[in-house]
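First the structure, in the form of structure tokens, and then the observations on it.
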Amino acid sequence: MRLNKTFAAIMAAGTLTFTGGASVSAEEAILGHVMDSKHIFHKVSEKFTDKLTELSDGSFKVDYHPGGDLGDWTSIVEQVMEGSTHMTMTWNHSELDPRWDVSVLGYVADDWKSGRRIYGPNSAMEGVYNGIMSDLGMVLLGVIPTDFTGYVVRKGVKVPMTFPDDANGFKMRVPGMPMAIERYSATGFSVVPMAFSEVHTALQTGAIDGRAYSPPSEVLLFKDVVSSYVFTRENFEHTFWVANKEWFEGLSVEQQGWMKSAASDAVNWAWDNAEKESPDWIEQIKAEGINVIELSPEQLTKYRKLVVDVEYPYMEKIIGAEVMDGIRKARAQ
């Protein structure tokens, strides 16, 4: 299956080699992701491409494939690891490395300022991610912020707000990662691991009652079937801009410099602008008639404790006490 995905991606790029690693010249890079032109991935890609063109005087080109042209997001990550695609913007893929799930650890950042300090450019977590990516044959070009997350509730279902009692029998869709199952089981939900592509239909049919890990920017994807958005801010969603390590290290020092500088400019732009967009998304959600609900201080304290008590020991076993101690220290600052 992986071989077929890789072959399709290479053919889509119009090149084919039998040597592994980069499949086009050093003066052209394949960048692919699954999001459309409204998503921050596209805006960051445009900023990067424009800056790279400027720095290289047009000699370093980007073969850009947005909107899933090269496959779903998991297959594109695998293509980058193998070298048939050079770069992508992606979420944590715990099937490749369970340590990657540290990125969705609950209640580490409290606000955008702490989110940038903990996860942004030159942060401690950037160093942690660099180590994970290197072991997977990739280079981290930057961490792109999305927003804090919550969960959506389909129409006709009571909104759970007191945990774990209210969540009893509520079928919550989670991505297929072990830590998600740990979190939502601990908070009382009936957990349903499911591919993202199946979520809309499952909400329509009642196969699930809600979708977890939803930033405000993704709530409107389900506006016809959901009644409420509970903005728990339980984790700060951020994504990863990665490149194939062998390909990147095969570039000249000058080319690597262009890449790093262009990526840095685009990532800093993302951090400067993502926070500004967050309130606009909330207003758009409300304008569609969807209730935006905040937990009371008492409800939030209990929910937070349930999440932290189960996730932090779980992740410490996977990523080690030293890294977790560093996260706890950053969280407490």
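The values are calculated or read from the model by the stated rules, or taken from the named source; none is laboratory data. Remember, it's a predicted structure, so these values are computed and weren't measured experimentally. Cβ coordinates were reconstructed from backbone atoms using ideal geometry, including for glycine residues, and neighbour counts include every protein chain displayed. The protein model used for the area step is the full one, side chains on, heavy atoms only, and it has no ligands, DNA or RNA in it. Shrake-Rupley method; radii C 1.70, N 1.55, O 1.52, S 1.80 Å.
Per residue, what accessible area does segment 209-299 have, given a 1.4 Å probe and all protein chains present, in Å²?
40 Å²
Using the basic label-point model (7 angstrom from Cα toward the beta carbon), what is the GLU288 to GLN204 distance in nanometres? So the label points at GLU288 and GLN204 sit 1.5 nm apart. Can you pull a Stokes-Einstein diffusion coefficient for the chain at 20 °C (1.002 mPa s), Rh from Kirkwood over Cα pairs, as a whole number of µm²/s? It comes out at roughly 104 µm²/s. Between LYS155 and LEU221, take the C-beta separation as r, use R0 = 22 Å, and let me know the FRET efficiency to the nearest 0.05. The value I calculate is 0.90. With all protein chains in place and a 1.4 Å probe, the accessible surface of segment 81-174 carries 47 percent carbon and sulfur. Once C-alpha pairs closer than 8 Å and six or more residues apart are averaged by separation and normalised to the residue number of the chain, the relative contact order reads 23 percent. Partner aspartates and glutamates whose Cα lies under 16 Å from the Cα of LYS47, excluding those fewer than 8 positions away in the same chain, are identified as ASP36, ASP57, ASP63, ASP265, ASP272.
Highest GNM mean-square fluctuation, the chain, Cα pairs closer than 10 Å: which of GLU82, GLU246, GLU283? Among GLU82, GLU246, GLU283, the largest mean-square fluctuation in the Gaussian network model of the chain belongs to GLU283. Given 5 Å bins starting at zero, what is the percent of C-alpha pairs of segment 137-265 in each, up to the one with the largest pair distance? Values per bin, smallest distances first: 2, 10, 17, 19, 14, 9, 7, 8, 7, 4, 2, 0. Take every Cα pair under 8 Å whose residues are at least 6 apart in sequence, average their separation, divide by the length of segment 82-182, and the relative contact order is 20 percent.
Working from label points 7 Å from Cα in the Cα-to-Cβ sense, the LYS329 to ILE181 distance is 3.4 nm. Enclosing the Cα atoms of segment 222-333 in their convex hull gives a volume equal to 200 cubic angstrom per residue.
Once you have a ≥ b ≥ c as the square roots of the Cα gyration tensor eigenvalues for segment 22-85, tell me rounded if a/c is under 1.5, and otherwise prolate or oblate according to whether a/b is larger than b/c.
oblate
Were the residues from ASP57 through LYS317 laid out at 0.36 nm apart, the gain over their Cα-Cα distance would be 88.8 nm. Accessible area per residue for segment 111-190 is 36 Å², calculated with a 1.4 Å probe on protein heavy atoms, without ligands, DNA or RNA.
Segment 255-333 and segment 58-74 have Cα centres spaced 26 Å apart.
Segment ARG117..ASP97, full-extension length gain: 4.8 nm, with 0.36 nm per residue of separation and the alpha-carbon distance subtracted. Spin-label pair ASP110-GLU298: with each label point 7 Å from Cα along the Cα-Cβ axis, the two points sit 2.2 nm from one another. Of the cross-linked pairs LYS223/LYS276; LYS38/LYS113; LYS158/LYS305; LYS61/LYS223; LYS245/LYS302, those separated by over 32 Å at the C-alpha level are LYS61/LYS223; LYS245/LYS302. Under 16 Å Cα-Cα from LYS155, which aspartates and glutamates qualify once same-chain neighbours fewer than 8 residues away are excluded? LYS155 reaches ASP209, ASP224, GLU288.
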